[in-house]
Amino acid sequence: MNLPLQGIRVLDFGRYIAGPYCSMLLGDFGAEVIRVERREGGEDRWVAPITEEGEGSTFIGINRNKKSMTLDPANPQSYEIKHRLVSRADVVLANLPQDVLLKLGLDYDSLKAIKPDIILTRISTFGHEGPYANRVGFDPVIQAMSGAMSLTGFPGAPVRSVVNFEDYGTALHAAFGTMVALFERERTGKGQIVDASLLSTGIAFMQSLLAERHVLDIARQQQGNTGYHAAPADAYRTKDGWVIIMAIGNYMFSRWAKLVGRPDLIDDPRCADDISRANNKDLITDAMNSWISVRTTEEAIRDLEEARVPCGPIYDLGAVFDDEQIKARGLFRYMDYPGSPKSVPVVNTPVQLSETPGGIRHRAPTLGEHTDEVLQESGFSEAEIMAFRNSGVI
């Protein structure tokens, strides 16, 4: 079966999460993704190591379906290699500041001079314009600067999310932008820059709370798992665990009130609408705790589901693998990786197409596993490849 992006070649100079996850999505749907790493390997390869060589769990997960070649792009002798690689590429992806792109010859003008219809997907922390253009940063920096950390957690010190949602969100934006650029190139024959930044993602994800603050001057504070704009919306303790519940809208609230034996709250003016219920969350919490504290998690989930109230058990990491829905949907693929003591659970392609579904075709590459193959496909001889290796270019 031909995949939708078969024939599209991506040069991936990405690092850490945002760039590699973006190219992973393209690779899952058939693009040939060549990950270009320094000779000693990119920093992200060694984060949270799980193999004998030290490859990390995130790296193995988000670099599947790719080839790996090593290259020192700052070495003057690498110019011919970069030139040939770019001339055969459709997309160059790099999550590097603008000054570094210029230094390495990966800026749009340099790439366009080699291949006029090239698409440059560039990802940065702050964007390529403005006073922070050349600053570097990671996901938590944007969680902090977007306001998200100030509201996460219980009252006290700011708390970051354990999930790097700014990175993954930016990767999704970049992948979407790349697809739009490819679609436009089909119509016009022109390439362009796709620009994504963690800061743009962070501000976009915080839009509703930022707008509320600006328009109504409501200064929200940390309040743990409790929702700001509806109730019940919190984590509640059962006899043997915890359950998260979220009820939005009067119809859903009415079903919840009847279930927990408090139909009187339906017509209570303190519970007239979502925001009123959120403002009187202690009233809701008392009713919820009285009902749920005498039930097991399984019993509470069963009754809440029958009442069509959105809910779910709060799992530890080990319990995630045992969930029946996760198994039924095949959300994990267990793959062998050199040096790993066990098969590695790799999350399957998160979006499916009915006619041309993407998927995991092969594991993440070991460092430089495909260097010779990629260079041979680019027209270099074995002697030239050996010379590059001896001079420290690859």
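The values are calculated or read from the model by the stated rules, or taken from the named source; none is laboratory data. These numbers come from a predicted model, not from an experiment. Methodologically, a virtual Cβ is constructed for each residue, glycine included, from the backbone with ideal geometry; neighbour enumeration extends over all protein chains shown.
Things to note:
- Qualifying position, being among the charged types (D, E, K, R) and either out of contact with any Pro (no Cβ under 9 Å at 6 or more places or on another chain) or not assigned by TED's automatic domain parsing to the domain that holds Thr121 (or both), among Arg15, Arg35: Arg15
- Pairs, first closer than 13 Å to Arg64 by Cβ and in contact (Cβ under 8 Å) with a residue 40 or more places away in the chain in region 343-354, second small (Gly, Ala, Ser) and assigned to a loop (DSSP other than H, G, I, E, B), C-beta under 7 Å, six or more apart: Thr349/Gly358; Thr349/Gly359
- Qualifying residues in region 289-310 (those that are farther than 15 Å from Ser254 by Cβ and of a type in the set (A, V, I, L, M)) - the one surrounded by the fewest Cβ atoms within 10 Å (Cβ to Cβ): Val294
- Subset of region 179-198 [buried (at least 21 other Cβ atoms within 10 Å of the Cβ) and more than 14 Å from Leu111 (Cβ to Cβ)]: Ala196, Ser197, Leu198
- Residues of region 199-253 satisfying the condition of being among the hydrophobic types (A, V, I, L, M, F, W, C), out of contact with any Leu (no Cβ under 8 Å at 6 or more places or on another chain) and under 30 Å from Ile123 (Cα atoms): Leu199, Ala204, Phe205, Met206, Leu210, Ala211
- Of all residues in region 250-288 being closer than 24 Å to Arg237 by Cβ and of a type in the set (Phe, Trp, Tyr), the one that is surrounded by the most Cβ atoms within 10 Å (Cβ to Cβ): Trp256
- Inclusion of Trp291 among residues that are out of contact with any Leu (no Cβ under 9 Å at 6 or more places or on another chain) and hydrophobic (A, V, I, L, M, F, W, C) is not warranted.
- Considering only residues in region 84-101 that are assigned to a helix (DSSP H, G or I) and modelled with pLDDT under 95, the one that is surrounded by the fewest Cβ atoms within 10 Å (Cβ to Cβ) turns out to be Asp99.
- Restricting region 180-192 to residues that are part of a helix (DSSP H, G or I) and touching a residue at least 24 places away in the same chain (Cβ under 8 Å), the residue that is farthest from Tyr21 (Cα to Cα): Arg185
- Filtering region 107-125 to residues that are under 20 Å from Ala171 (Cα atoms), touching a Gly at 6+ places or on another chain (Cβ under 7 Å) and in a loop (DSSP other than H, G, I, E, B) leaves Ile118, Thr125.
- When Arg220 is tested against (1) of a type in the set (D, E, K, R); (2) surrounded by fewer than 17 Cβ atoms within 10 Å (Cβ to Cβ); (3) assigned to a helix (DSSP H, G or I), exactly one condition is not met: (3).
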